[in-house]
Structures are given as structure tokens and as C-alpha cells.
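**Student:** I'd like to ask some things about the structure below.
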Amino acid sequence: MVKHLIIKTFVILGMFGMAYSVQAADPVKIGFSIPKTGMFASAGPSQLNAYLLWQDLVNAKGGLDIGGKGRRKIEFVQYDDKSNPAQAAKIYEKLITNDKVDLVVAPWGTPHHFAVAPVVERHKFPLVGNTAASVALRKVKPGYLWFTSSMMPDNVAKAMTAMLKSRGVKSVAILYNLLPFASENIQFLKPALAKAGIKIHFEAKYPPDIKDMTGMLIKVKAKNPDAVLVHSYPGDSILYMNQAREVGINAKTQYVMVGPAIGFFRGMFKSNLDGIITMGSWAPGMKGTTGSQKFYTAYKKKFKGHEPDYLDTVEVYASVQILEQAIAKVGLNREKIRNAINTMTFKTIYGDVKFNGVQNGSTPSGFTQIQKGKIEVVWPKSRATAPVADKGAWAN
Amino acid sequence: MKNSLKLVLAVVLCVFLAGVAGFADEYILGIGFTIFMYIALAQSWVVLSGLTGYISLGHVVFFGSGAYVFILIWGLVPVWLGVFCSGIVVGLVSLIVGYPVLRVRGPYFVILSFGLAELVKNLVLINEARMYVSMRPVFGAPALYQLYTAMLLLAIIATGLTYWIRRSRFGAGLRSIREDEEAAETIGVPVAKLKLLAFAISGVIPAMVGAIFIMRSGIFQSGDAFTPIVSFTMVTMAIIGGSDDAPGPFLGVVFLVLLQELLWVNWPEVYMIILGILLLGFVLFIPNGIYGWLSEKYFGNKKNVT
Amino acid sequence: MDSLLSPQLLAAAMITGVLYALISLGLNLVYGTMRLLNVAHGDLVMIGAYVAFIAFSLLNIGPLVSMFGAALICGFLGWLSYKCVFQRLLSNGQLLSRLEENSLLLFFALSVIIQNLAILFFSADRRGYEYLSAIVEIGDVRLTGARLTVLIVGAVISAAVVFFLRFSLFGLAMNALIQNRDASAIVGINVDRVQMSSLIFGFGITGLAGALISMMEPISPVMGFPYTMSAFVIIILGGLGNLWGGFLAGLLLGVLEVYGVALTGPEWRSVLVYGIFVLILIFRPQGLLGSGKTAR
């Protein structure tokens, strides 16, 4: 790693003087924006890595199959959107009108999808979305945008309720971050729980910059619910993981929304994560998926042993596979690609995907659980790689 | 240059920029939109902070509040009336908020302005969660050339306002506050009233900019709308250009946005680093900004900057 | 409401408070002696955290050792920035007349530079490592080893620093500078030297705090800003430049955060913190513990 840093120094210094080399062949230009600086910079790699891996694997095969008429390599045109949605809109305009890219792939995060929606609509560029989930996305006019995510909050709520019922859960405690995706999940979860007759014994919402959860968790412990459902993002998920152990939350079902599926998070908690349920619907090599084990191995090889984010990276990769297969079928004509995306069924690492309107109509919302350090899909049963297990005592 | 000549040039430039909306490609319009947005913001910032010396590091509070007011009435009133209303509402509220806030001086004001923006951001976040509205997409916003023209209009108004205030009695009063607030008060300058007025004026245009901005970004979210980056960017642009008079922010914005278009494309992190180094250099070596430096060097009029 | 009496809650408040006190110390030192508004403060926390992370994952050195390395590295950055930037700022009459504003812009520039260099070198990915994660029981209180360590080490170090600055010769000189800059020069204090030392010292402690934080939180190049915010809230509560006040304010904010949230509901946490911050600035800018005189 020290050597690695030194090499990197040279690479960075070299960047100042290096001119871009031009490829001899005639590649397919694909554009996108990515948050390289700003608030979401640390989330960007989960998407960028999937794109880069895809480019590697496709180019290793000789390039994209253009409707059965030969192969062309992929060349990316990417810009930093500074974590700013308006900047993303500007970038997609630049990509389309100025850089004259052949196709575009998705920016990172729900707000950015809203920002670029009118741009791709206007220029009739098909865009398969990823890393975006909100029921508001369904209000996007069907046309040139699709959303690969299986985690639309209303569907997640249904899946969650069904999963809880299957485990005989009668009462829950809900903790949630005030940020949009978490509170949208709660908006649908609460009525679903009520309908299923599951009681909410404790509920608390907190701002994103919360520093301590002990007060909440002591109250949760006192109510002793069957399940604790924490709708959190990586930062607050870590607070929960530390302080729930301290306070001694021993519910048999504990859900931590975003975090446990990301590599660094598992590195921080290791065996303490056993039994924790999280959002996700994928594990390498699971049945019903195409090439997911190959993706996993290739990812670990390319990114020096790091694991992919089981939620975002997988979804992003599936979204570009969809594009790849549409191109293989109909070539580079964008109207034809659009029709293909609307009608075809795609074989991806995420399973078979067919769009229903703007959303993924095939992949059900689901949950994964960390079992003996491995991520297993535990819900829905049709996709499960292992049954849901009780959360045992904390490892230490 | 004679004043009349300057005016003619300015009018020609504005007419040309407005005419561009008709035929330029989207990319050019996008850059123009960004330039005008920051000109409007930086000019407004100068009215308060450049002239009075009350450095606001939380000007995004006006921008974000304007955006929030606008999204709340989105669909209920015609679009451009909505933009106007958001400016008026924020202006009125800032007259009330400004009263206690402007009693705080010096570094305390700087930090307070910063904290105020964070406070309002969190209030909006709670309010949104209470109403169970987590995503507020803006569907059916006006076309880019309309937004471009509206932003151009705001930039012109803001520049004109700064130019005019800087030369008015009002502006002289504001600058006397910067030189020595107590002394100004003793000789009968209505310090409190002037400050409050400057505060409100300096909030109205950013509020309208915020409203137009969310039509461009297609979504309102409190985290984005109140991001401190916007505050920092407008301050940086005004300081690099020169914060004592209208041409300053104009030059600062054009310089930085164009620099960004050149560098950011291939090396985003490097662009940010160069931006940082430039800012260091300007503060240390050219504290009067591009305009102050130019006018000292080429026009020989020593700008009075403290 | 018996949960309020829980010793667990008290321990949580102490951990939060000690961390706050430690984080704000460096900022207060830099502001107090030089009137520099350091908005790059959180980025020093970030550097400290990366030093600890790299030491742990590459060299297998624990954060309790590498935190001194982090302090040295950040201290060096303090020296560098003093020599390259702030010496000029503090010795130039025209710049000095708008010191706070100018320092703010300079630190903003440094923050942008540091953050983006970090992204270039370490990539923007979040990182984390497992260290002392087992639960330790002390009576009724159960804490992870890492959090207990942060509590003890943080308390010892911040108390030591506050006492050192109160009673050592260097501390007295620094204090004199905080009280009255011009007078200290007259009585023969080497102002330049003391300023440089405070910057080195302030940066160093902050780097050390960052190394401690890396034991509990994920690190990334953009992690710094929230720490800058909290540190500003604390030094305002305690009074700008008042080290002892800042220390107490840190503890107080920890208590306020943990108990306030337990009482009013976590939803209001940030509104409570920033609300108090704004109110204090408006009604009592000298801080809760400050004397009647404001710092200008």
C-alpha cells in the first residue's frame, strides 16, 4: 500500500502533463456524471466501480455487441457533478449536445435522476436508472427513463410486513432518519404494519447529524419489542451497531437499513453483524441470476479484494447489462433501444428484469441477512439463499 | 470611459445575451444560467457584506428559503408569480429576523449567519418529515431558455442595484458602517435602519434565484437547497472579483465559471485544488480583488478598500 | 422517566461531551490567540483519522500509538500553513484590518485543497476498521472498548492540555496573547513564536482527536465538515478564546445532546443545538461562561 501510494503520487503528477491518447478503433461513447467531490463523494465509487468493471469486462470480449453486426469498444465520457443535481442536468446537456455521446447511463442518487429526467426526455436518450428509489419516481412521464431499483418504499413496506409476520413478530420499535428515503419507507411501513396487526411499541425519528442514540435505545429496551427496525444510513447505522450492543438490545429480529451491505461496514463490525437484517436482494451466485458469481469474482479482482456494495453496485451493474443486451438486440438506434428496453426481458446479475412502465416489474423487494460473515438473501422466499435466522446474542 | 458609453455597452451586452437564448445550444445556455445565477447571488451578497462589512457566510439561507416558499406554492400560482412571491416573502421575513441578527457584530455575525442557515435547514427537514413529503420533484418546469432569460434578468437587476446603491446616499451610509459603525452612529447615520434594509434587499434576489434554481435541478430537498457550498461559492466569487463595487462580482464570477469549464472537465479534484490555491493567492496578494487590482493598475483610481 | 437516571445514559453523555471538548480545543486555541476562524478544522480531524487508519491497516499500529503520529503530522501542517499563509496575514496591516473575514476565506481555501488532495490520494471511498469492539462492563454501564478508550484518553488529554495552558510558561504567554495582543508584545513576549506554537499545538490536538474518532466512526475525505460545525457551536457556547469555558461547554453540549434528546425526542436534536447556538450569539455573544466584554 505504501508502494501503491507512491505510484499514485506519480500518476497524479502525471495527470497534469498527460495528453489523452486517442483510441484507434471507433468506440461507443457513453456518458455519465458522478459525484467525485462534495457531500456524496464517498458514495460515488459504489456506482463508478460498477461502470468501470462493466467497461473492462465488455471491452475484454472485444466490445459491445452492436445488434449482431460486430463489436465496438466502450469509451466513457464522465464528469464530476460535485454532488449537485443541477450540475448533473448541465452535464447531461453537455454530454448530449456538446460531446455528442452515443448513449448515457445514470447519475448517482434519486435527486440527480429527477434533475436529468427532462434532459434525456427532450433529447430522446434512453436512460436506465439506478441508485434511485422513491415512489415519486413513478410520476416521471414514461418515455426514456426506467428505474432498476427493486426498493420502492411501498413495496419494501409490504415485503417487510410479510417477513415480520412470517417470523411471528407481534410488536416492533421503529427508529428512523429524517432524510427522504428513510422517512418515505416509514410513511408506507406504518399503515402496512397496522393492517397486519403488528403493534408499534416505540417510534422515534432523528436528524441526520445525530451523535448519540443511547437515550432512544434505553427506551426501546424497556419496551422489549419483538423486532427493532432501524431505517438508517451508514453513519447512524454505526451508532446503532455500537450502542445497541452497549444497551443490550436483544430482539431476535433487528433490521439496519443501509450500511451492512457495504464492505467497509462489515470490516468495522465483523462477527457482531451476524443476524442483522438489511436492505438488499442479492448474493453472489444466487439462483435466478445470470453471471452474478462471475461479477463478484471479477469485482474483487479489479478492486484489490474489496467487496462490491450488495445493494448499489449490483443494481448499477444490472442497469448497464440491460443497456448492453438491448444494444446487442437492436444496435445503437436510440428509438429502437427504447422499444427494446420497454419490451425485452433481461438476464442480469440481479435476476431477470422486465420493466413495467418506468419501474422494474420483476425483481421483488427483499432483505439480506449477515450469517456467519456471509450475506444471504433471506426474503422473499422465492429468491432466498438461506432462511431468516434469529439474531443470536451479540458476538462480543 | 464616459458613463453614457458604459451604459450603452452594458445595454448592448444585455440585449445580446438575451438574444442568445433564441439560438444557442443547451450547453451554452447551461453555462450562461450558472454565470447569471452566481452574478445575481454575488451582487446581492455585496449589498450587505461588501458594503457594510457584515460578512455573511450563510447567504444560502435566503436561497434555500426562497426555494422552499416556491415549492410550497408550486402549482397553486403561475410560475413567475411564484418566483416573485418567494422573493417578497423571504424579504419580509428577513426584515423581522434581521433585527436581532444584525445586533451581532464582527466574527460573531459571521458565525451566526452560518448557524442560522443550519438552523433553518433543520427546521425545513423536520417540517417536511412531519408532512410526510420526502421528495418534491418539480415536473413541467419552463424550458431552459426561459430559465436562462429569467436568471439573466435577475443578474441585471442585481448588478444594477449594487451599482446604484454603491453610488447613492444609502450606499454611503452602508460604507460608513464598514469604516466605523460607532462613529457613523454618533454623527447621525441611522445605522440600524440602513443595515436592516441592506439585509432584506440582499435576501430578496437570492430567494428568487433559489426558486428558479429548483426548476433547473428538478427537485427540492432541504439538504441541497441549504448547502453551505452555495454560501461559500458566492463569497469566494465576490472576494476574488472585488467586493466593493458592481464590476467586481461580475468579473469574479465570469473568471471562475470559465476556469471551471476549462479544468473541471478532466480533473475535477485538481480544479478544486487550483480554486483553493487561487483563493489563497487573492486574499493574501490581491485583497481588493480583480476589479480593485485592475482599476488601481490601469485606471489609477485608488479604490477605498479597508 | 427513570431512563434519565440510567448510568448508561450518563456514560453516553460523557463520551459525547469529552469528544466535543477535545475537538473544540484546537479550534479555540487558534481563534483565541490569533482570531483566525478555522473552517478547515474538521479536515484536520479527517487527516488524523486517515493517519490512524493507515497505521492500523498497513503497519498494524493501534490508534493509541498512532494518535501521536497524527498529532505530529497535523502539527507539521500547522507550522507549514503558518509559514506559508498566516504569517503574512498576521503581519500585513491591510489584511489585518479584516482579519476574521480573511482568515475565514484562507481556511476555506485550505479546506478545499486538503479535501481534494485526500480524495486524490485515498479515493473518496469510506473506510473503517475494527478495534477494541468488545463490550466492557463497569458496574451497570456497558461500553464498547473503543468508546471507553475514547472517554478515558480524551478526558485525560483534554484536561492535561487545559491545565498545561493554564500553568506552564508557554500557556501563560499564550493566555497573555488571548487577553491582549499588543500589551503582550510590549512586555516582551515573542508574539510571532507564540502564534506559531498555538497553530502547531491547535492543529496537533485536532489530529489526535481525529485518530481517536477513527476508532468509532467511518472515515472519508469529506467527513470533516460536521466536526467544524460542532466545534464552532462549542467555542461559541464557552466564549471565543476561553479554553476552560470551551472545555466545559463541550461537556455541557454532550449532556444537552444526550439528555435533551431523551427529554424532547431526537427529532429536535439539531434544532435544539443550532437554536441554542443562535440564541447565545444574539443574546450572549461572550459565551455562557464569558465575562461581559466581547472579543472585539
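Laboratory data are not the source of any read-out in this text; all were calculated from the coordinates shown. Remember, it's a predicted structure, so these values are computed and weren't measured experimentally. For neighbour counting, all protein chains shown are included, and Cβ atoms are generated from backbone atoms with ideal geometry for every residue, glycine included.
**Student:** Once you have all Cα-Cα distances for the stretch C:103-242, histogram them in 10 Å bins from zero and send the whole-percent values.
**Tutor:** Reading upward from the zero bin: 9, 29, 32, 21, 7, 1.
**Student:** Same structure again: In sequence order, what are the phi-derived ³J(HN,Hα) couplings for the stretch B:226-238 according to the Karplus relation 6.51 cos²θ - 1.76 cosθ + 1.60 with θ = phi - 60°, rounded to whole Hz, with x for glycine and proline?
**Tutor:** Here the 3J(HN,Hα) series is 10, 5, x, 4, 4, 4, 4, 4, 5, 5, 4, 5, 5 Hz.
**Student:** Taking square-rooted eigenvalues a ≥ b ≥ c of the alpha carbon gyration tensor, is chain A rounded, prolate or oblate, where a/c under 1.5 means rounded and, failing that, a/b exceeding b/c means prolate? Don't skip to the answer; put the middle values down first.
**Tutor:** Working: a/c = 1.87, a/b = 1.59, b/c = 1.18.
Prolate is the answer for chain A, as a/c is 1.5 or above and a/b outweighs b/c.
**Student:** Now a separate question. Per residue, how big is the convex hull of the stretch A:96-231 when only Cα atoms are used? Give it in Å³. Numbers along the way, then the final one.
**Tutor:** Values: hull volume 15.6 nm³, N = 136.
Hull volume over Cα atoms, normalised by residue count, gives 114 Å³.
**Student:** If I model a spin label as a point 7 Å beyond the Cα along the Cα-Cβ vector, how far apart are those points for residue A:290 and residue C:152 in nm?
**Tutor:** The two pseudo-label positions are separated by 5.8 nm.
**Student:** Less than 12 Å Cβ to Cβ from residue B:130, Lys/Arg counted +1 and Asp/Glu -1: what total charge do the surrounding residues give? Write down the numbers at each step before the final one.
**Tutor:** Values: positive: A:205; negative: B:128, C:267.
With Lys, Arg at +1 and Asp, Glu at -1, the net is -1.
**Student:** When a/c is below 1.5 the answer is rounded, else prolate if a/b is larger than b/c, else oblate, so apply that to the stretch C:1-74 with a ≥ b ≥ c taken from the square roots of the Cα gyration tensor eigenvalues.
**Tutor:** Numbers: a/c = 3.18, a/b = 1.25, b/c = 2.53.
Since a/c reaches 1.5 but b/c is at least a/b, the shape of the stretch C:1-74 is classed as oblate.
**Student:** Please list, in chain and number order, the residues 5+ apart from residue A:144 or on another chain whose amide H is under 5 Å from its amide H, with Hs placed from the backbone.
**Tutor:** Answer set, sorted by chain and number: none.
**Student:** Send over the per residue convex hull volume for chain B, Cα only, as a whole number of Å³.
**Tutor:** Working: hull volume 44.1 nm³, N = 306.
Hull volume normalised by residue count: 144 Å³.
**Student:** A further question follows. With each pseudo-label sitting 7 Å past Cα toward Cβ, what's the residue B:14-residue C:136 distance in nm, one decimal?
**Tutor:** Roughly 6.9 nm, to one decimal.
**Student:** Could you list which residues have their amide H under 5 Å from that of residue A:82, counting only those 5 or more apart in sequence or on another chain, with H placed in the peptide plane?
**Tutor:** Answer set, sorted by chain and number: A:36, A:37.
**Student:** Can you list the residues, at least 5 places off or on another chain, whose amide H is less than 5 Å from the amide H of residue A:367, using H built in the peptide plane?
**Tutor:** A:280, A:378, A:379
**Student:** Just to check I understand the Karplus step: with θ = phi - 60° and J = 6.51 cos²θ - 1.76 cosθ + 1.60, what whole-Hz values come out for the stretch A:242-253, glycine and proline as x?
**Tutor:** 6, 7, 5, 5, 4, 6, x, 6, 10, 4, 6, 10
**Student:** Given springs between every Cα pair under 10 Å in a Gaussian network model of chain B, which of B:177, B:273, B:214 has the largest fluctuation?
**Tutor:** Maximum fluctuation in the GNM of chain B, among the listed residues, is at B:273.
**Student:** Using r as the Cβ-Cβ distance of residue B:296 and residue A:332, and R0 as 45 Å, what FRET efficiency do you calculate, to the nearest 0.05? Present the calculation step by step, with values, prior to reporting the outcome.
**Tutor:** On the way: r = 57 Å, r/R0 = 1.27.
Computed FRET efficiency for residue B:296 and residue A:332 comes out at 0.20.
**Student:** Calculated from DSSP H runs of 4 or more alone, at -39500 (n - 2.57) each and per residue, what is the 222 nm mean residue ellipticity of the protein assembly as shown, nearest 500?
**Tutor:** Details: 38 runs with 606 residues, N = 998.
Helix-only estimate at 222 nm: -20000 deg cm²/dmol.
**Student:** Report P(r) for the protein assembly as shown: all Cα-Cα distances, bin width 20 Å, range 0 to the bin holding the largest distance, values in whole percent.
**Tutor:** Calculated over all Cα pairs of the protein assembly as shown, the distribution is 13, 45, 35, 6, 0 percent.
**Student:** If only Cα atoms are counted, what is the Rg of chain C, and what is its Dmax, in Å?
**Tutor:** 19.0, 60
**Student:** Expected output is a single nm value to one decimal: the length gained when fully extending between residue A:121 and residue A:71, i.e. 0.36 nm times separation in residues minus the C-alpha distance. What is it? The partial results should precede the final answer.
**Tutor:** Numbers: separation 50, 0.36 × 50 = 18.00 nm, distance 2.77 nm.
Here the answer is 15.2 nm.
**Student:** So which trypsin sites (Lys or Arg not before Pro) in the stretch A:75-112 pass both tests, a DSSP loop state and at most 11 other Cβ atoms within 10 Å of the Cβ?
**Tutor:** Values: sites: A:82, A:90, A:94, A:100; in loops: A:82, A:100.
Taking the stretch A:75-112 and a limit of 11 other Cβ atoms within 10 Å, the loop trypsin sites (Lys or Arg not before Pro) found are A:100.
**Student:** Another question about this same structure. For a test of the definition: using alpha carbon positions, the gyration tensor, and the 1.5 limit on a/c, classify the stretch C:85-183 as rounded, prolate or oblate. Don't skip to the answer; put the middle values down first.
**Tutor:** On the way: a/c = 4.06, a/b = 1.42, b/c = 2.86.
Verdict is oblate for the stretch C:85-183.
**Student:** Determine the gain in length on full extension of the stretch residue C:91-residue C:10; use 0.36 nm per residue of separation and subtract their C-alpha separation, reporting nm with one decimal.
**Tutor:** Working: separation 81, 0.36 × 81 = 29.16 nm, distance 4.67 nm.
Stretched out fully, the residue C:91 to residue C:10 stretch lengthens by 24.5 nm.
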